Each structure stands twice: as C-alpha cells, then as structure tokens.
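Every number in this text was worked out from the coordinates using simple rules, so none of it is lab data. Owing to the predicted nature of the structure, the values given are computational and were not obtained by experimental measurement. With ideal geometry, Cβ positions are generated from the backbone for all residues, glycine too; neighbour counts draw on all protein chains shown.
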Amino acid sequence: MNVREKVAERIQLARKKIGMTQSELAEICGYSRGRLSNWEGATRMPSAQEIHKMAKILKVSPSWLFCVTDDISEYETYSGQLIMAPVLGMTDLIKPNVFDNIADPDKRPTFLKNYNVVALSPDNSVFENPKIFAINISDNSMQPEIRENDLVIINPDVNPVPAQFVLAFYNQQYSIRKYRKPNDTQIELVSINSDWPNQLIDLNSDKFSIIGTVIELRREL
C-alpha cells in the first residue's frame, strides 16, 4: 500500500468513526463530493492545507491523517505548515538537474504533483529546508538495517558523521551506504549486506560526492 492509498484509508476510517457521510464531510469542508471521492479512492492526494482542514473536522491530528505518525489522537493545532517531500527511485536521480530542480521553489511543486509524496515529521526541524526528498530503496545492499521498499528521507544540508547513512554518488552510480572515515584522506562507503562490496575512496576523487545524509527511515509494517 502506497502513501496515497494509506491516506485514503485513514480519511474513510476517521469519517466513519464519527458517523459522517462522504457528502457531509465534503459540504462542511467546502469541497465537491467528487474531490473527496477521488481522495478516498486514492486517485488523487489532498494537499497539506486540505489535510489540516479535514483533520480538524474529523477530530484527528493532521500528522496521523497524512501518515506521518500512527497516533490517532484528537486534533492538535500546529502553527506551521506540513512540508511535503517527493519520493524518488534510484533511476530518477540520473535525470538532468534533478537535485537543483527539487531545491528550486519554482520547480519543486512539479515534483510534488508528478511523484508520490511524504509529509515530513515536525520533530525533524526541516521546515526551513525545501531541498529534502525521499528515496524508495530498491535493493538489499543495506539489509537488515535498511530493507527493500523502505523509504529514507535525505537532507542535502546535513554533513554526515561516521556510522550515519548517506546517499552517495561514485563511479556514475547512486547508492545508500553507511559512512566511515578511516583516515584524513579517505572515506569508506559500507554495505551492510556482505554480498555487496564496500568502497574505499580517495577524498580528492572527482568521481565521488555525498548528495545528502539520511535523517529518517520509514518502513511499512
């Protein structure tokens, strides 16, 4: 089940819990019945503002409705805005200027329309950083710590320290690896799965760069 489907499921669950029909919720929110039907049918994704409005009426927290948390508590006011991050696959990273486009406030909304998205947790202190994005893991190189189909949230502005996970670019490939710095001139990209090789890299190599640091791991249970 993807995020859009989970949000759809939670809207229905919260609505039915208080005995409200789809038409009633749409009318109170000022939305069309068709728009709400699209959300509950998982064909479209509500915006952060729409989630906040529905959450207040449905008496649940917007973070729960947006699948940031599993705590279905009563609505709590929050003065900020939920920040959405696009979910990319490894193959998306090779597209021209992808990271510049994500960080560009004029171009980032395109990613939010054309990709799945995740809401960033308030306790990550990410609300002033529009560069953050998520990666859907498609291999088993970091198992058991990071598994296939896990989501990792990447912050390009966080410098890694040893033992943290990073998104790295080396030899024309992107990968999630554990960061090590065995000495002042080299870094090591460590694979947790022993079937995948570790890579010892000269810091001066022009074939290597760290794109960002993993600040959160999300896993379907």
Tail fraction, Cα-Cα pairs, region 95-197, threshold 17 Å, whole percent: 60 percent
Those residues of region 187-221 whose amide nitrogen sits under 12 Å from the label point placed on Met90, 7 Å along Cα→Cβ: 196-197
Extension gain (nm, one decimal) between Asp104 and Glu148, 0.36 nm per residue minus Cα-Cα: 12.9 nm
Packing-based ranking, highest mean first, of 149-156, 35-42 given that Cβ atoms within 10 Å are counted: 149-156, 35-42
Check: region 3-65 dipole with +1 on Lys, Arg Cβ and -1 on Asp, Glu Cβ, in debye: 120 debye
Potential lengthening between Arg180 and Lys207 on full extension [0.36 nm per residue; Cα-Cα distance subtracted]: 8.0 nm
Relative contact order (%) - region 3-65, alpha-carbon pairs under 8 angstrom, separation at least six: 40 percent
Mean separation of Cα contacts under 8 Å (6+ apart) over length of the chain, as relative contact order %: 14 percent
The chain: calculated mean residue ellipticity at 222 nm from DSSP helix runs of at least 4, using -39500 (n - 2.57): -7500 deg cm²/dmol
Cα gyration tensor category, rounded, prolate or oblate, for region 3-65 with a/c compared to 1.5: rounded
Residue of Glu27, Glu188, Glu148 that the Gaussian network model of the chain assigns the largest fluctuation, springs spanning Cα pairs under 10 Å: Glu27
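Please report, to one decimal in angstroms, the Kirkwood hydrodynamic radius of the chain built from all distinct Cα-Cα pairs. Don't jump to the answer; show the numbers that get you there.
Details: mean 1/r = 0.0527 Å⁻¹.
In the chain this quantity evaluates to 19.0 Å.
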Under 25 Å from the Cα of Lys131 - lysines, other chains or at least 8 residues apart: Lys6, Lys95, Lys107, Lys113, Lys178, Lys207
Candidates Ile18, Ile192, Ile176: whichever shows maximal mean-square fluctuation once the chain is modelled as a Gaussian network with Cα springs under 10 Å: Ile18
